[in-house]
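Enquirer: My questions all concern the structure below.
The values are calculated or read from the model by the stated rules, or taken from the named source; none is laboratory data. As the structure is a prediction and not an experimental result, all values here were calculated from the model. Positions of Cβ are backbone-derived with ideal geometry, glycine not excepted, and every protein chain shown enters the neighbour counts.
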Amino acid sequence: MVTKAYVHKKGEISFLDIMENAKNRPSLKKAGAIALFIGLVRGETLKGEKVQKLELEAYEEKANEVLASICNDLEKKQGIVDVQIHHLLGEFNVSEDLVYVLVAGDHRKNVFPVLEEAVERYKKEAPIFKKEYVTDEKGKARAYWVTERKRIHETLG
């Protein structure tokens, strides 16, 4: 059985594994809806640079603890029966899956707000680190570690 919240090496888990895991949980008998967020590698940065690849790392023990805490908190919300967050680690090309967030609830109106909250919280709270490898409009390649708000370290490539 797949754990509810976890960081995984690329290739260890898939979308189908997540769905099968959710459907095998006894709590799913109470669900009338499942909402799923799949985060992908975007091919262009917000500044218009072309993304070549991403590298994701984590402080795994703490990331697992934080993701589990988020899931447990959100499962206490009215009408929610299951919350899972699975973040992948490793090197990724454009359009590859990075993260799966699943929320199951008794009605569709309950799952969408919780799905959004789960995504926003893991992005802010989990110690997962992203390095972007990009090419700018002049063809100059570089790589840098990023947060959701800014670049935190830049290296020349």
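Enquirer: Give segment 114-149 a look and list any residue that's modelled with pLDDT under 90 and assigned to a loop (DSSP other than H, G, I, E, B), or say none. Quick ask: steps written out before the conclusion?
Expert: Initially, segment 114-149 is screened for residues modelled with pLDDT under 90, giving 136-139, 146-149.
Answer for segment 114-149, where residues must be modelled with pLDDT under 90 and assigned to a loop (DSSP other than H, G, I, E, B): ASP136, GLU137, LYS138, GLY139, THR147, GLU148, ARG149.
Enquirer: Touching a Lys or Arg at 6+ places or on another chain (Cβ under 6 Å) and in a strand (DSSP E or B): is that true of LEU56 in this structure?
Expert: Criteria met by LEU56.
Enquirer: Among the residues of segment 1-21, write down those that are at pLDDT 90 or above, surrounded by fewer than 13 Cβ atoms within 10 Å (Cβ to Cβ) and either basic (Lys, Arg) or part of a loop (DSSP other than H, G, I, E, B) (or both).
Expert: So in segment 1-21, the residues at pLDDT 90 or above come out as 6-20.
Still in the list and also surrounded by fewer than 13 Cβ atoms within 10 Å (Cβ to Cβ): 9, 11, 16, 20.
Of everything in segment 1-21, those that are at pLDDT 90 or above, surrounded by fewer than 13 Cβ atoms within 10 Å (Cβ to Cβ) and either basic (Lys, Arg) or part of a loop (DSSP other than H, G, I, E, B) (or both) turn out to be LYS9, GLY11.
Enquirer: Which condition number in (1) surrounded by fewer than 22 Cβ atoms within 10 Å (Cβ to Cβ); (2) in contact (Cβ under 8 Å) with a residue 24 or more places away in the chain; (3) closer than 24 Å to LYS9 by Cβ is the one that GLY79 fails?
Expert: Failing condition for GLY79: (3).
Enquirer: Just checking, does segment 14-35 include any residue being touching a Leu at 6+ places or on another chain (Cβ under 7 Å), of a type in the set (Gly, Ala, Ser) and closer than 19 Å to LYS130 by Cα?
Expert: No, segment 14-35 contains no residue that is touching a Leu at 6+ places or on another chain (Cβ under 7 Å), of a type in the set (Gly, Ala, Ser) and closer than 19 Å to LYS130 by Cα.
Enquirer: When both residues are 6+ apart or on different chains and their Cβ atoms are under 7 Å apart, which pairs have a first residue that lies in segment 39-53 and is modelled with pLDDT under 95, and a second that is assigned to a strand (DSSP E or B) and surrounded by fewer than 15 Cβ atoms within 10 Å (Cβ to Cβ)?
Expert: GLU49/THR135
Enquirer: Looking only at segment 94-112, decide whether some residue is surrounded by 19 or more Cβ atoms within 10 Å (Cβ to Cβ), under 19 Å from the mean Cα position of the chain (by Cα) and not in a strand (DSSP E or B).
Expert: Yes.
Enquirer: Let me ask you something else. Please verify whether LYS123 is surrounded by fewer than 19 Cβ atoms within 10 Å (Cβ to Cβ) and farther than 19 Å from LYS29 by Cα, treating the condition exactly as stated.
Expert: Here the answer is yes, as LYS123 does meet what is asked.
Enquirer: Still on this structure, I have one more. Quick one: count up the residues across segment 22-49 that are loosely packed, with under 13 Cβ neighbours inside 10 Å and acidic (Asp, Glu).
Expert: The qualifying residues number 1.
Enquirer: Now for a separate question. Of the residues that make up segment 60-71, is at least one in a strand (DSSP E or B) and either farther than 25 Å from GLU20 by Cβ or of a type outside the set (A, V, I, L, M) (or both)?
Expert: Taking every residue of segment 60-71 in turn, none turns out to be in a strand (DSSP E or B) and either farther than 25 Å from GLU20 by Cβ or of a type outside the set (A, V, I, L, M) (or both).
Enquirer: Another question about this same structure. Is it true that SER27 is over 20 Å from THR147 (Cβ atoms), modelled with pLDDT of 95 or more, among the polar types (S, T, N, Q) and in contact with a strand residue (DSSP E or B) (Cβ under 7 Å, 6 or more places away or on another chain)?
Expert: no
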